[in-house]
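So the structure is just underneath, and the comments pick up after that.
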Number of protein chains: 2
Amino acid sequence: MNPTVGDLEGNADLVVEWTRRAAEAGAHLVAFPEMVLTGYPVEDLALRTSFVEASQRTLERTARRLAAEGLGDLPVVVGYLDRRTAGQMRLGQPAGSPLNSLAWLHDGRVAARSAKHHLPNYGVFDEFRYFVRGDRLPVVRVAGVDVATVICEDLWQDGGPVSVTHAAGAGLLLVINGSPYERSKDDVRLELAARRAREAGCTLAYVNMVGGQDELVFDGDSMIVGPDGELLARAPRFAEDLLVADLSLPDAPSDPQPAEQPVKAGDGTTITVERTVLSARPVPPYEPVPPPVAPALDDLAEVYGALVLGVRDYVRKNGFRSVICGLSGGIDSALVATIAADAVGPDNVHVVLLPSRHSSGHSVSDAEELVKRQGLHARTVPINDMVEAFERELEPTGLAAENLQARVRAVVWMGLSNQDGHLVLTTGNKSELATGYSTLYGDSAGGYGPIKDVTKSMVWALSRWRNEQAVAAGQTPPIPQEIIDKPPSAELSPGQLDTDSLPEYDVLDALLDDYVERDLGRDALIAAGHDAGLVERVIRLVDGAEYKRRQYPPGPKITPKNFGRDRRLPITNRWREPSAG
Amino acid sequence: MNPTVGDLEGNADLVVEWTRRAAEAGAHLVAFPEMVLTGYPVEDLALRTSFVEASQRTLERTARRLAAEGLGDLPVVVGYLDRRTAGQMRLGQPAGSPLNSLAWLHDGRVAARSAKHHLPNYGVFDEFRYFVRGDRLPVVRVAGVDVATVICEDLWQDGGPVSVTHAAGAGLLLVINGSPYERSKDDVRLELAARRAREAGCTLAYVNMVGGQDELVFDGDSMIVGPDGELLARAPRFAEDLLVADLSLPDAPSDPQPAEQPVKAGDGTTITVERTVLSARPVPPYEPVPPPVAPALDDLAEVYGALVLGVRDYVRKNGFRSVICGLSGGIDSALVATIAADAVGPDNVHVVLLPSRHSSGHSVSDAEELVKRQGLHARTVPINDMVEAFERELEPTGLAAENLQARVRAVVWMGLSNQDGHLVLTTGNKSELATGYSTLYGDSAGGYGPIKDVTKSMVWALSRWRNEQAVAAGQTPPIPQEIIDKPPSAELSPGQLDTDSLPEYDVLDALLDDYVERDLGRDALIAAGHDAGLVERVIRLVDGAEYKRRQYPPGPKITPKNFGRDRRLPITNRWREPSAG
């Protein structure tokens, strides 16, 4: 399910709607993602009393509404924002003691609640700022099966509620998640789920969110694995879906068990197992239908899927209907326009061609060919007159002259955005962002950067992949081959090529990957086989571009370090890796 | 002392230099601030192995260098970055297990070490991302006095090493800090130090950093309080200083004590008291000199001091020598130019007057009068030709037309910055930033925003205060009175006034304070006496301006919520406080 942050009513509507569909499909238990009622992550909204109270009210109202609509029999597990009422305010504790919670809804009321125990505070996560930790494991008997429920990070870290699931004798471990996409994370998730299922000795159901939220893209990938770790069912990715699975689950023991039982949780804490019975009687035997197992996506397909969903949701959830971007005739803006057309439809994509005295003839004709193939709205605004008006006053030279052209273009597309209400898409790629090969308030200006986290090497790979998909489907390739084949140029000075200032992109991108993603220092980079001179130069470029990166628009995150929340150096920083000399 | 992040050698030089001065003043113990060798905060540099190792090497080298320069006898306490070697990597633990550490340097070697126990992870702090926690309290005998040492947040939170200081029988509690400035924080610090001194039953020395680091301004405010909480000595603020104090401290007990002793620390952890003897023999009696007690600053003086230091250090530490800003004739740019002149000297301040067809005659003449009074470099660049070049192509109306003028101005000053190497100062104030009353890539463009965290009401107050200071010193007031008196206007359309779009600033700023700083919801704001209609309108404005705020340059932080790391809402966010209807 694809909730929207802050849209409590809209999210509750979706919960009711999908519960109805699940009921129609004969489900005995329905589960929704982490914090589905509020959307996720809510950042500092978690610290606002009025927002926490609205979440609590929405939860109670949703329980009543499900019952009023005849769905009260069907237990529903949802994530929401709650707060701890006991305990005092302490310095360093989040204001109001918010909880990242889940609730079981049944018969018009909240039958059980618990809160996330392991709070991730790394990468894109800041949960020690926002939540206090939970210390309970609800085990809820549904149709005679004991179902334990935990939230996201509780599955990833050792100890805590998942570690007591086996001792609690659960027949199903249900995990609700808000787990953002990263390349190849689906493989890691499947392995993790299989391992935890074996540890818990029971079937494990993993329910993840779908949709874009600022930099994050939730990819779904919901799945069920058996007690032996075997994959039983899997939903498609990057799309909402009702995954229905008939499971053979063990009957709960019939001897009476304590309603509350504290258990050592292997991480220095104690988790209280809290038992609730909703229905003790097993479902009468019926013929199970084999559940669907969506095929895994290959690498480029999943990246492209993440970029399209990221753009679509950023546009839609921020109240825009159309986008605009500059189209230079180069590969970056070509790919961005193609992603945009796939995300919001070609009729909502407006491109502007902004030729200058340095633009080559093929740039304009290649851009026009792309526009024609995809059926975009295009407008040409020559920038020479505007550039000359500045030049008469400022007489810029060198980099200042190059930057001027880039900024004049940004003034044009920002103006068209303000006039016509389009969201500006920024067309820079990750290799540029890393090295600072862009103009502040020029090509880096806009509202969303679809390929902000995509290296130049991958820009080419995705462009080829997208064209191949079209060919395989009997369609015209959306991106003219000339755009893919030509050497990259910013066209800000006569005959300029990217390789005048930067190494070949395959060499650069491999080095960036080791420096940025793996945080290797100078010596380690050279030991890994990178050219020593290039290492020195690229480290200087990357470290010097921190300010520009902080001013860059958000864009869909596809790697562990997308230059968002997850890699943040001081701007004021004299550190340079010690050089060999 | 004012270290620079990443400048390990430069910071070590400063430690040696100030130690020499302390030795010359006859000191028996010298203390420097938290992480003084690396600068603070280092953000993701903490996660880079090569940086941690460089910090460790710098520490050892500094110890040897002090000895080589004849300063080995004098115990020196410094903060630095270390890492834990024992223990395994775990998911969610910072890579490499970095420690925010302190070391005692003596006789050319490291005599004792410990690491910060309480890691702040709120407001501007993210220390759960960067550090693992320490669990030791070093008690070092110097001249027969037992000195316990802890780091910053350890003083603020209950439990941990400070709570075992009394049981450890320390005669002096030494706290090294990197505690950023906030309005009136000096009062809170003094109360806290007094309370902890009474709890520990000993004298407490509080050593804080000075200097600007991106958004943070460390204000110094180093002080010493007696066991009864009485203020004994205090250094001036916003300036480096050697605070020398003769103290009467108790002799350590002569009976032998265990080298290591675990003590329950009142926060669920155990702290090991670790004893080291550097010198057991008391200093022979001498006539003490009463230490200086710098007077407290009044509110406007401390804010102005923070802004000037923030600008000076951002310019200097980022390798700039001069600044440029637009000068409109209004109060915001007038105050920014004045702060800049006080920070880097009038000869390094370049202003550009950018009159348009909507600029009034008095705007230009008032700006020229300010330039003359302060001796700034000024240049006039009329923008009509440039604006018209865009207008011919785009025919913008309404807000798009207003934004165009603001963006053309930004292109001019960014161009001059690129051409001449000046840092661009952005002149927007906090009231504008809160409500989104600014143009993205227009007036909000630049490298540093000196009054980003200053409300419009305080812009006036600071301008008056600065003029009064000049008058009191027999100088010409730097800001022409006309600029202070005239009604504020963006001058982007004919006869425009801020009050056309916004309420009077005293009303607006009071509401913003309750909504932003205190996080009150709609109902609570109305209950606090704010006009209901205005509350609805301002909430909409503030929540809708999140994207603009994220694109804003950094600026000196003077309040708990400066729209930096400390107040961060999702961009994609449908939450609106429920309205009364």
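The values are calculated or read from the model by the stated rules, or taken from the named source; none is laboratory data. Just so it is clear, the model here is predicted, and its values are computed rather than measured. Here Cβ is always computed from backbone atoms with ideal geometry, including for glycine, and neighbour counts include all displayed protein chains. These accessible areas exclude ligands, DNA and RNA; they are computed on the full protein's heavy atoms, side chains included. Shrake-Rupley method; radii C 1.70, N 1.55, O 1.52, S 1.80 Å.
Put the label 7 Å from Cα along Cα→Cβ for B:Val471; what are its distances to the other copies, in nanometres, shortest first?
Those label-point separations list as 8.0 nm.
So what is the accessible area of chain A per residue, in Å², with the probe set to 1.4 Å?
Working: 21010 Å² over 581 residues.
In whole numbers, chain A has 36 Å² accessible per residue.
If DNA, RNA and ligands are ignored and the probe is 1.4 Å, what is the ranking of B:Phe128, B:Phe390 by accessible area, most exposed first? Walk me through the intermediate numbers first.
Details: B:Phe128 65, B:Phe390 0 Å².
Descending accessible area places them as B:Phe128, B:Phe390.
Once you sort the root eigenvalues of the Cα gyration tensor of region B:299-550 as a ≥ b ≥ c, which label holds: rounded (a/c under 1.5), prolate (a/b larger than b/c) or oblate (the other case)?
On the way: a/c = 1.60, a/b = 1.15, b/c = 1.40.
Here region B:299-550 falls in the oblate category.
Please give the charge dipole size of the protein assembly as shown, origin at the Cα centre, charges +1 on K and R Cβ atoms and -1 on D and E Cβ atoms. Round to the nearest 20 debye. Each step should come with its number before you reach the end.
Details: 118 positive and 162 negative charges, 229 e Å.
Result for the protein assembly as shown is approximately 1100 debye, rounded to the nearest 20.
Just to confirm the numbers: B:Val263, label point 7 angstrom along the Cα-Cβ line, distances to the other copies in nm, shortest first?
3.9
For label points placed 7 Å from Cα toward Cβ, what is the shortest-first list of nm distances from A:Val289 to its copies?
8.9
State whether region B:160-292 is rounded, prolate or oblate according to the following rule on the C-alpha gyration tensor (a ≥ b ≥ c being the square roots of its eigenvalues): a/c under 1.5 gives rounded; otherwise a/b larger than b/c gives prolate, and the remaining case gives oblate. Display every interim value, and only then the final one.
Details: a/c = 2.05, a/b = 1.32, b/c = 1.55.
Oblate shape, in that a/c is at least 1.5 and b/c is the bigger or equal ratio.
Can you tell me the FRET efficiency between B:Leu300 and A:Arg57 if r is taken as the Cβ-Cβ distance and R0 is 56 Å, rounded to the nearest 0.05? Present the calculation step by step, with values, prior to reporting the outcome.
On the way: r = 44 Å, r/R0 = 0.78.
Efficiency computed from Cβ-Cβ geometry: 0.80.
Write out the trypsin sites (Lys or Arg not before Pro) in region B:182-224 meeting two conditions: DSSP loop, and at most 11 other Cβ atoms within 10 Å of their Cβ. It would help to have the intermediate numbers written out before the result.
Values: sites: B:Arg183, B:Lys185, B:Arg189, B:Arg195, B:Arg196, B:Arg198; in loops: B:Arg183.
Counting only loop positions with at most 11 other Cβ atoms within 10 Å, none of the trypsin sites (Lys or Arg not before Pro) in region B:182-224 qualifies.
List the lysines whose alpha-carbon lies under 30 Å from that of B:Lys185, not counting same-chain residues fewer than 8 positions away?
Output for B:Lys185: B:Lys116, B:Lys317, B:Lys430, B:Lys452, B:Lys456, B:Lys548, B:Lys557, B:Lys561.
Going by average Cβ density within 10 Å per residue, which order do the peptides A:368-378, B:199-209, B:491-501 take, highest to lowest?
B:199-209, A:368-378, B:491-501
Quick one: accessible surface of A:Arg540, probe radius 1.4 Å, all protein chains present, in square angstrom to the nearest 10.
Using a 1.4 Å probe on the heavy atoms, I get roughly 140 Å².
Go ahead and estimate [θ] at 222 nm for the protein assembly as shown from helices alone: -39,500 (n - 2.57) per DSSP H run with n ≥ 4, summed, over the residue count, rounded to 500. Could you put the intermediate results ahead of the total?
On the way: 35 runs with 408 residues, N = 1162.
It comes out at -11000 deg cm²/dmol, rounded to the nearest 500.
Compute the length gained on full extension between B:Val244 and B:Val289: take 0.36 nm times their separation in residues and subtract their Cα-Cα distance, giving the result in nm to one decimal.
On the way: separation 45, 0.36 × 45 = 16.20 nm, distance 0.91 nm.
Extra length available between B:Val244 and B:Val289 comes to 15.3 nm.
With the Cα gyration tensor of chain B giving a ≥ b ≥ c as the square roots of its eigenvalues, does the rule (a/c under 1.5 for rounded; else a/b larger than b/c for prolate; else oblate) give rounded, prolate or oblate?
prolate
Would you mind giving the mean number of other chain beta-carbons within 10 Å of the Cβ of each residue in A:390-397, as a whole number?
Details: counts 9, 2, 2, 10, 8, 2, 4, 2.
What the average comes to for A:390-397 is 5.
Provide the per-residue ³J(HN,Hα) series for region B:391-403, in order, calculated from phi with Karplus coefficients 6.51, -1.76, 1.60 and θ = phi - 60°, each as a whole number of Hz, with x at glycine and proline positions.
These are the phi-based 3J(HN,Hα) values: 4, 4, 7, 9, 6, x, 10, x, 4, 4, 5, 5, 4 Hz.
How much accessible surface does B:Glu517 have with a 1.4 Å probe, in Å² rounded to 10?
40 Å²
Can you tell me the 0 to 90 degree angle between the C-alpha axis of helix B:532-544 and the longest principal axis of chain B, rounded to 10?
Tilt relative to chain B: about 70 degrees.
Distance between Cα centroids, region B:210-276 to region B:365-418: provide it in whole Å.
Cα centres, region B:210-276 to region B:365-418: 52 Å.
Could you tell me the accessible area of B:Phe320 in Å² (1.4 Å probe, neighbours in place), rounded to the nearest ten?
So the heavy atoms of B:Phe320 present about 70 Å² to solvent.
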